[in-house]
Amino acid sequence: MSGGTEGNELSLSNLLEEVPECLLRLCRMIVSGFFTPEHRLITELLMVKSSLKEADFTDLLLLHKPQ
């Protein structure tokens with residue numbers, strides 16, 4: 001019985017590490033249908049690079065805080 005739980009744990013860890021392609025497609029379709037191109041760009045960046053730091057994100061989008 002322990003062999004069955006190990007396989008289950010492996011699939012759960014894989015599930016937590018990557019988002020299925022069908023879910024990414026669904027997200028893109030929803031965002032493109034309801035939001036502006038700017039929002040689509042932000043969503044696409046977050047999907048491609050899910051571990052972006054805020055500073056890198058603002059540099060990519062040319063969003064600089066006023067001083």
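The values are calculated or read from the model by the stated rules, or taken from the named source; none is laboratory data. Keep in mind that what you see is a predicted model, and the values were worked out from it rather than measured. In this analysis, Cβ positions are derived from the backbone assuming ideal geometry, glycine residues included, and neighbour counts consider all displayed protein chains.
Can you name the helices (runs of 4 or more DSSP H) wholly within the chain that have at least 2 residues being modelled with pLDDT of 70 or more?
Answer list for the chain: 21-34, 37-48, 54-61.
Starting from residues that are of a type in the set (Val, Ile, Thr) and either surrounded by 10 or more Cβ atoms within 10 Å (Cβ to Cβ) or in contact (Cβ under 8 Å) with a residue 40 or more places away in the chain (or both), keep the ones in region 37-67 and report whichever is nearest to Arg25 (Cα to Cα).
Step by step, filter region 37-67, then rank; the result is Thr43.
Could you please find all residues in region 41-55 being within 17 Å of Val19 (Cβ to Cβ) and among the charged types (D, E, K, R)?
Within region 41-55, Glu44, Lys49 qualify.
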